[in-house]
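**Student:** The structure that follows is given in the form of structure tokens.
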Amino acid sequence: MVGVTISGELARDAYLYAYSIDEAYKFLFETTIEPGRAVNEFQLLRDLADDTYTAHPSINNDTLHLQGWFDVGAEPVVVTVPDFDEGRYWILHTMDLGHYTNAMIGSRTRGARGGRFLFASGVWDGDIPDGVDEVVRSESDLIKVMARIMTTGGDDLEAARNLQDQWKLETLSVFLGVSGPGQPIRDYPDPKSTNWLARTNFVLAAGSMARADAEWLTKYHDIGLEPGKTEFTPEQLDAAERGEQLGMAHIRDLAPEMTNAGKLLGTRADLQDGPRDLFAEGTYLGQWGLPPVESVYVKVETGSDGQPINGAHGKTYRARLLPPEVSEFWSFTVYGSDDRLMAHNAINRHSRGDRTLIMDDDGYFTIVLSADVDANAENPNFLPIPEKDAYLIMRMYGPSKAVQDGEYLTPSFDVT
């Protein structure tokens, strides 16, 4: 490889290919490996995420979470989900380390009925035990789980927590009551001392993802993308640095243009042949987001004056909207543009939606945005915004085909 010239374009495109894989891996390391948490155990978020939650951007403010990681390299895992009360949204959502969704099991497809679900590597050929409702195969041995249980908070929070406590995660051997092989021993690369090439190659070596991504890896072989490879030439290291700089600049430049996540998030079947920069954008704007068949995400960045939404200087916004056609529920959540996280407000209110807004007499909903909490706190249709540039994410869970196709008209937030 010495003497091979790696163009800036090739370096950038290789980074855009690897970006989602690397971001998924870094999240695994920072939230689980580094703090010494175990895989194959749920990490419970017992409260609605708010401004104190900073682990990843644009998390919702509608549901409790059961998150963590499965490692199915040695044996499958089995997740047992309880039955739910009618009308409560829930989902068992998993994504592989390629950042593709590989399971969406929940109220949209099963209603209130829970069940048992087995997650296995793509090469596992064991017997499926009785009582398993569905088998999910993964191209990476490490699988991200982000399960959600809807709650409106307040008195409903304890009911949601009780349901959260009834979820069970077991290795197959524990589920069957037999001795098992134990967890694989993995030498996880530390993001502080490795580059994105080494981390991506680590991920590609654990499972069958490299076979699925063979076309991509053939294109980027010269830069050093190869399962398990850890040693790189000076030319490859230089290209990795240039690729990261160029790739991140492109992702940041592209972000303001992304108002609908339909082409950014999904399964491998949905996105394998799509533009890789859009796929990376889905990770950048909403890591672990759901595909459009489950939830459509629409971003609102500006008011009717064409300026970024911002509560400074007493600025107030008002929007009137007809409810979108969904089978589950919908909501708006506010995030700061600088860090893509929720911003503190005195009443700890970060979202409003069909479960919290009061409908007008004509069937419309009205939402009021302002940083003046004292003047608006008693209004159930009030949503605080910070005194800095901000944006809204409208989430529509269980969207109709028309909503998925982008036919729902996003409301205008008029400056008043």
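**Student:** Please count how many residues of segment 154-211 are aromatic (F, W, Y), in contact with a Ser or Thr (Cβ under 9 Å, 6 or more places away or on another chain) and not in a helix (DSSP H, G or I).
**Tutor:** Adding up the residues that qualify gives 1.
**Student:** Follow-up. Suppose we filter segment 195-230 for residues that are open to solvent by 10 Å² or more (accessible area, probe 1.4 Å) and β-branched (V, I, T); how many remain?
**Tutor:** Final tally of qualifying residues: 2.
**Student:** Mind counting the residues in segment 221-242 that are touching a residue at least 12 places away in the same chain (Cβ under 8 Å) and not in a helix (DSSP H, G or I)?
**Tutor:** Of the residues in segment 221-242, 9 are touching a residue at least 12 places away in the same chain (Cβ under 8 Å) and not in a helix (DSSP H, G or I).
**Student:** May I ask you to list pairs of residues, at least six apart or on different chains, whose Cβ atoms are under 7 Å apart, with the first in segment 46-64 being at positive phi and the second being of a type in the set (V, I, T)?
**Tutor:** So the pair list comes out as S58/I393.
**Student:** From the list A390, A402, exactly one residue is assigned to a strand (DSSP E or B), of a type in the set (A, V, I, L, M) and under 28 Å from E257 (Cα atoms). Which is it?
**Tutor:** Sole residue among the options that is assigned to a strand (DSSP E or B), of a type in the set (A, V, I, L, M) and under 28 Å from E257 (Cα atoms): A390.
**Student:** Quick check on my filter: what residues within segment 152-166 are at pLDDT 95 or above and open to solvent by less than 20 Å² (accessible area, probe 1.4 Å)?
**Tutor:** Residues satisfying the conditions are A160, L163, Q164.
**Student:** On to the next question. Quick check, is E244 surrounded by fewer than 21 Cβ atoms within 10 Å (Cβ to Cβ), under 30 Å from A198 (Cβ atoms) and charged (D, E, K, R)?
**Tutor:** Details: surrounded by fewer than 21 Cβ atoms within 10 Å (Cβ to Cβ): yes; under 30 Å from A198 (Cβ atoms): yes; charged (D, E, K, R): yes.
Yes; evaluated as a whole, the condition is true for this residue.
**Student:** Which condition breaks for Q183 when tested against (1) under 26 Å from H93 (Cβ atoms); (2) more than 25 Å from the chain's Cα centre (by Cα); (3) open to solvent by less than 40 Å² (accessible area, probe 1.4 Å)?
**Tutor:** Of the numbered conditions (1) under 26 Å from H93 (Cβ atoms); (2) more than 25 Å from the chain's Cα centre (by Cα); (3) open to solvent by less than 40 Å² (accessible area, probe 1.4 Å), the odd one out for Q183 is (3).
**Student:** Look through segment 102-112, keep the residues that are open to solvent by 10 Å² or more (accessible area, probe 1.4 Å) and in contact (Cβ under 8 Å) with a residue 24 or more places away in the chain, and return whichever of them is nearest to T200 (Cα to Cα).
**Tutor:** Here the residue is N102.
**Student:** Moving to a separate point now. Which condition from (1) open to solvent by 40 Å² or more (accessible area, probe 1.4 Å); (2) in contact with an Asp or Glu (Cβ under 6 Å, 6 or more places away or on another chain); (3) within 20 Å of A212 (Cα to Cα) is the one that V135 breaks?
**Tutor:** It is condition (2) that V135 fails.
**Student:** Additional query: T218 - would you say it is modelled with pLDDT of 95 or more and outside any helix (DSSP H, G or I)? Don't jump to the end; show me each part of the working.
**Tutor:** On the way: modelled with pLDDT of 95 or more: yes; outside any helix (DSSP H, G or I): no.
Spelling it out, it is not the case that T218 is modelled with pLDDT of 95 or more and outside any helix (DSSP H, G or I).
**Student:** Now for a different question. Could you figure out which of (1) surrounded by fewer than 16 Cβ atoms within 10 Å (Cβ to Cβ); (2) closer than 20 Å to Y335 by Cα; (3) not hydrophobic (A, V, I, L, M, F, W, C) isn't true of S351?
**Tutor:** That leaves (1) as the condition not met.
**Student:** Go through V81, V123 for me and flag whichever is within 30 Å of A206 (Cα to Cα) and surrounded by fewer than 13 Cβ atoms within 10 Å (Cβ to Cβ).
**Tutor:** So the residue among V81, V123 that is within 30 Å of A206 (Cα to Cα) and surrounded by fewer than 13 Cβ atoms within 10 Å (Cβ to Cβ) is V123.
**Student:** Being open to solvent by 20 Å² or more (accessible area, probe 1.4 Å) and either closer than 21 Å to A377 by Cα or basic (K, R) (or both): is that true of T302 here?
**Tutor:** No: the conditions fail for T302.
Conditions (1) within 30 Å of R108 (Cβ to Cβ); (2) surrounded by 20 or more Cβ atoms within 10 Å (Cβ to Cβ), marked per residue:
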| residue | (1), (2) |
| --- | --- |
| R320 | yes, no |
| D339 | no, no |
| D361 | no, no |
| A371 | no, yes |
| N379 | no, no |
| F382 | yes, yes |
| P386 | no, yes |
| A390 | yes, yes |
| V415 | no, no |
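**Student:** Any residue at all in segment 306-315 that's in contact with a Ser or Thr (Cβ under 7 Å, 6 or more places away or on another chain), of a type outside the set (D, E) and loosely packed, with under 15 Cβ neighbours inside 10 Å? Outline the logic, then answer.
**Tutor:** Of segment 306-315, the ones in contact with a Ser or Thr (Cβ under 7 Å, 6 or more places away or on another chain) are 308-309, 311.
Subset that is of a type outside the set (D, E): 308-309, 311.
Retained after the next criterion (residues that are loosely packed, with under 15 Cβ neighbours inside 10 Å): 308.
Yes, segment 306-315 contains a residue that is in contact with a Ser or Thr (Cβ under 7 Å, 6 or more places away or on another chain), of a type outside the set (D, E) and loosely packed, with under 15 Cβ neighbours inside 10 Å.
**Student:** For segment 19-39, does any single residue satisfy the condition of being farther than 30 Å from A160 by Cβ, modelled with pLDDT under 95 and among the hydrophobic types (A, V, I, L, M, F, W, C)?
**Tutor:** No.
**Student:** Sort out which residues of segment 262-288 are of a type in the set (G, A, S), closer than 23 Å to W216 by Cα and open to solvent by less than 40 Å² (accessible area, probe 1.4 Å), and write them in order of number. It would help to see each step written out before you state the result.
**Tutor:** At the first step, the residues of segment 262-288 found to be of a type in the set (G, A, S) are 262, 266, 269, 274, 280, 282, 286.
Now restrict to residues that are closer than 23 Å to W216 by Cα: 262, 266, 269, 274, 280, 282.
Correct list: G262, G266, G274, A280, G282.
Conditions tested, residue by residue: (1) within 18 Å of the chain's Cα centre (by Cα); (2) farther than 30 Å from H250 by Cα; (3) of a type in the set (D, E, K, R).
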residue: T283; (1), (2), (3): yes, no, no
residue: A312; (1), (2), (3): no, no, no
residue: P323; (1), (2), (3): no, yes, no
residue: S370; (1), (2), (3): no, yes, no
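The values are calculated or read from the model by the stated rules, or taken from the named source; none is laboratory data. If you're wondering where the values come from, they're calculated on a predicted model, not measured in any experiment. Heads up, the Cβs are rebuilt from the backbone with ideal geometry, glycines too, and the neighbour counts pull from every protein chain shown. Please note that ligands, DNA and RNA were not included when accessible areas were found on the heavy atoms of the full protein model with its side chains. Shrake-Rupley method; radii C 1.70, N 1.55, O 1.52, S 1.80 Å.
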